[in-house]
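Read the structure below first, then the notes.
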Amino acid sequence: MRYIAPKDAAELDATETREWLDSLDYVLQSGGPAKVARLLRELTIHARQNGVKLPFTANTPYINTISADEQVLMPGSPDLERRIKSLVRWNAAAMVVRANKAEEGIGGHISTYASAATLYEVGFNHFFRGHENGDGDVIFFQGHAAPGIYARAYLEGRIDETHLENFRRETKAGGGLSSYPHPWLMPDFWEYPTVSMGLGPIMAIYQARFIRYLEDRGLKQPSNSKVWAFLGDGETDEPEALGAITLPAREKLDNLIFVINCNLQRLDGPVRGNGQIIQELEAAFRGAGWNVIKVLWGREWDSLLAKDRDGLLVKRMGEIVDGQYQKYAVSDGAYVREHFWGVDPRLLDMVKHLSDDQLKKMTLGGHDPVKVFNAYKAATEHKGAPTVILARTIKGYGLGEAGEGKNITHQQKKMNEEELRAFRTRFGIPISDAEVGKTPFYRPAEDSIEIKYMRDRRMALAGYVPTRKVRSEPLKTVSNELFEEFYKGTEGRKASTTMVFVRLLSKLLRDKELGRLIVPIVPDEARTFGMEALFRAVGIYSHAGQVYEPVDMDTLLYYKEASDGQILEEGITEAGSMSSFVAAGTAYATHGVNTIPFFIYYSMFGFQRIGDLIWAAGDARARGFLLGGTAGRTTLAGEGLQHQDGNSQLFALAYPNCVSYDPAFAYEIAVIIQDGIRRMYVDQESIFYYLTVMNEQYAMPEIPKGANEGILKGMYKFRSASKPDAPLRAQLFGSGAILPEVIKAQEILESKYNVAADVWSVTSYTELYREGHAVERWNMLHPGEQPRVPYVTNCLKSAPGVLIAASDYVKAMPDAIDRWLPRPMTVLGTDGFGRSETRAALREFFEVDYRYVIVATLGALARDGKIDAAIVDQAMKAHGVNPEKANPAVS
Ligand SMILES: Cc1ncc(C[n+]2csc(CCOP(=O)(O)OP(=O)(O)O)c2C)c(N)n1
Ligand SMILES: [Mg+2]
């Protein structure tokens, strides 16, 4: 065999590669791309059959997905659009710089919008559709890019200088601007909150699916509207950001577009210094079935890539890690020539006609409007799958010395005069040297071509975005009929509050007026809650219908999927279900449809697990009902520490517009839900509800006369003592499934210990707490007036005896109303980790069963000197209560 010197081997390799490439080019020219693709597929199969191991890759080369020859020209006026973009850039930066001039800077971000400006402006000028024609796009703006969105609204004349001046000063007269997108704070402007990173993307996914749901169910005219989610590349590390990306591919949601601003940086530094975030994301999204469009290089690169016959440049582009790319971004052209191009004389040769300055100025894809336009166009036209656009940019683009590409850029809030001057010059803002140090806002005259152009474009695209508007008509009334059955009780038959809720939900679903608006949402727990009858009755939503024969087809309650199905059976994702809740609960505004979501889940996996999404629902003014099922630390038997919830009511207290209840009886649930629908959908209050429902069964009593108001306010007297004149008196408070324990204690206290006790059902410590504090605050501010009295004080003003409270939640709940009670209260609650045990054993362990209510009552009477302590000891013995038992709160 002839010896081949290494140099000759390399030459042979090169020749061989050349020949293959030439043949491919020939096929490409004669047969087109489809033919090339077929040939490559066949070659791959052939190679595999012959034992060639091809490494797996979900990646494409590190170049633009849309090649230069596939590109179309951009409509409109590129020059004008560039000028407008510069004006937006200036005002966005000026707003943040001004807000931080004072000693007490109040923050804001310049660099995020600076890198994303082109991504937004191309959208505003050509794609984002407003709502004025009935439907429009739903856009999730990246939270930290808010300054740019305000700056544009200012140029459009939608907000004025006072607003910009009061950025992050929301209590100022004349109106301020919220730091980030918050519909709660700017209800006419922002539609969805996004700034807690990861929540925007997951809410966008479920929003896109919910639009399909509305269309498939005939609640909304089919439209071509899109859901856009703008996010940061660093943000994709949040589990919520990528955790649900298989759903839109599976459901073929081509109405969904993600735009990921890949500036390769997050807050502290590079997103993947030693790797490539864009390639990582491409693989994840392609693997999930998305249409991926990479927008990496600007037009200046096209001619170089066209010359790259041997693929040297593409190879070089693909081998640089992000940390190094970031270094190029902050270096001069000479450095780039030496380190990027200089590794191969052939590469150096490709750019010898370019000066260092020209090399430095070669733009990236995400800063080139033509590239971005083409990507958006392809995304909006793509059928059968969602699209993600991975746009490469530089963080702090245009800031130069003030932070462009630097690790500190995210935190950059100030610019000195020199930096401002450079920024002004770079973007051609007509502000003089003398003025620039004052960072004035700049808006061209009303009749300038820039303002006119912006407005014309928005009018052509059906109005300004973002704009939030309530587009539905309020419901007229809520019929009493639906709820009356529950007022009567179950006449001795046992039922759980969960069963009651499911029965009520079934009735609502059948109702002529409300039925179609109800959206049951469940994360794979319908059978747990006894809801399987609904599968058959209203169907499980599936755009594809049901393309298989369900195994239980011959049963009455078979698993029925249908394209007009009503239940959103989300699978095991509380985060996804909550995102559906946000979509359904805000449709009264976004889509003009009064859908009423009922999301039922394991109560422990709600506030505790997805509390931030619930917070976002509150911010978004979502309406509807959250149902914490299998609730209570001791009511859910067997499941143990991670399932038994004694916390969620406490968490709910801190959500300002969440109205929460721990109801015990059927009629309480009926009263609360009826009033809830009225408040949210007739009176249009921006609130939502949280109800815990349990699986313990007991007879449901009839509603006591006049109880409605108390049920809603948080407490009412359920049963009075039968001997009110007895010398020993007590007031017993019970909630939820613990109320029957309290009622049992009342009976024994009366019959065995001669203690006459009134029993109160406390449906909501949270409502009592809020009302008490509201009253106290009013009294503080009106010292000269007749003080008002909290509702709870009023209830108990002439109630004699000791006070005892028991619930299945932490003791902090009853403690929350302590200050408005006439005397100190003894509190029984379930602080501590749960246990797997029977219900009775759990209530003994946590000291919340009837025996502890008895002991607590007698103990309090003994402390008051009303009975002898020996009686308490005897009672403990009689009821098997061990005083030396370990404290469950810490064991
Ligand atoms: C859940 C959450 N954690 C942390 C933050 C704080 N934070 C705000 S912006 C940011 C970095 C963002 O980086 P990236 O997503 O890449 O966006 P960029 O600004 O680079 O476009 C961080 C950590 C937040 N807003 N939300
Ligand atoms: Mg980033």
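The values are calculated or read from the model by the stated rules, or taken from the named source; none is laboratory data. Remember, it's a predicted structure, so these values are computed and weren't measured experimentally. Ideal geometry is used to build each Cβ from the backbone, glycine not excepted, and the neighbour counts take in all protein chains shown. Ligands, DNA and RNA are stripped out before the accessible areas are found, and what is left, the full protein with its side chains, is counted by its heavy atoms. Shrake-Rupley method; radii C 1.70, N 1.55, O 1.52, S 1.80 Å.
Structure values in brief
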quantity	calculated
Qualifying GluC sites (Glu not before Pro) for the stretch 424-532 [loop in DSSP, other Cβ within 10 Å: at most 15]	446, 491, 513
The chain: relative contact order in percent, alpha carbon pairs under 8 Å with at least 6 residues between	11 percent
Rounded to 5, percent antiparallel among DSSP beta bridges of the chain	15 percent
Built amide H within the under 5 Å cut-off of residue 297, gap 5+	64, 365
Karplus (6.51, -1.76, 1.60) ³J(HN,Hα), θ = phi - 60°, over the stretch 236-251, in Hz, Gly and Pro reported as x	5, 6, 5, x, 5, 5, 10, x, 10, 6, 6, 4, x, 6, 4, 8
Separation of the residue 882 and residue 35 label points, Cα + 7 Å toward Cβ, nm	8.7 nm
Student exercise, the stretch 570-654 dipole from Lys, Arg, Asp, Glu Cβ charges, in Debye to nearest 20	180 debye
Average accessible area per residue (Å²) across the chain - probe 1.4 Å, nucleic acids and ligands excluded	42 Å²
Packing-based order for 805-814, 406-415, using average beta carbon neighbours within 10 Å, highest first	805-814, 406-415
Cα-projected label distance for residue 789 with residue 343, points at 7 Å along beta-carbon direction, nm	8.2 nm
Helix 765-781 vs. the chain, principal-axis angle (Cα, 0 to 90°, nearest 10)	90 degrees
Neighbour-limited loop hits for trypsin sites (Lys or Arg not before Pro), the stretch 337-388 (at most 11 other Cβ within 10 Å; DSSP other than H, G, I, E, B)	352, 383
CD proxy at 222 nm, helix term only [per DSSP H run n ≥ 4: -39500 (n - 2.57); per residue of the chain; nearest 500]	-12500 deg cm²/dmol
Relative packing of 249-262, 580-593, which averages over residues the other C-beta atoms within 10 Å, highest first	580-593, 249-262
Phi-based couplings in Hz for the stretch 407-412 (Karplus 6.51, -1.76, 1.60; Gly and Pro marked x)	5, 7, 5, 4, 8, 5
Spatial separation of Cα centroids for the stretch 44-99 and the stretch 114-189, in angstrom	24 Å
Sites residue 414 and residue 321 - FRET efficiency at Förster radius 22 Å, r taken between beta-carbons, to 0.05	0.10
Helix axis angle, 78-99 relative to the chain longest principal axis, alpha carbon, degrees	50 degrees
Contour excess over end-to-end distance, with Cα ends at residue 23 and residue 132 and 0.36 nm allotted per residue	33.9 nm
Among 559-566, 93-100, the order from most to least packed when residues are scored by Cβ within 10 Å on average	93-100, 559-566
Between the stretch 675-740 and the stretch 367-405, the Cα center-to-center distance that results, in Å	55 Å
Distance (nanometres) between label positions extended 7 Å along Cα→Cβ at residue 510 and residue 460	5.5 nm
Neighbourhood net charge (15 Å Cβ-Cβ; Lys/Arg +1, Asp/Glu -1) for residue 798	+2
Between helix 417-426 and the chain: long-axis angle, C-alpha atoms, 0 to 90°, nearest 10	60 degrees
Amide H within-cut-off set for residue 802, under 5 Å, with H built and near neighbours excluded	729, 730, 731
Accessible-area composition of the chain, carbon plus sulfur, in percent [1.4 Å probe]	53 percent
Relative contact order %, the stretch 495-620, counting alpha carbon pairs below 8 Å whose residues are six or more apart	28 percent
Part-to-part distance (alpha-carbon centres) for the stretch 217-280 and the stretch 443-460, which is given in Å	31 Å
Difference of contour (0.36 nm per residue) and Cα-Cα distance, residue 774 to residue 554	73.5 nm
Nonlocal amide H pairs with residue 252, under 5 Å, H built at 1.01 Å	none
Dipole magnitude of the chain about its Cα centre (Cβ charges: Lys, Arg +1; Asp, Glu -1), debye to nearest 20	640 debye
DSSP bridge pairs, the stretch 623-692: antiparallel proportion in percent, nearest 5	10 percent
Cβ-based net charge around residue 380, under 11 Å, with every Lys or Arg adding one and every Asp or Glu removing one	+1
Positive minus negative residues near residue 234 (Lys, Arg vs Asp, Glu; Cβ under 11 Å)	-2
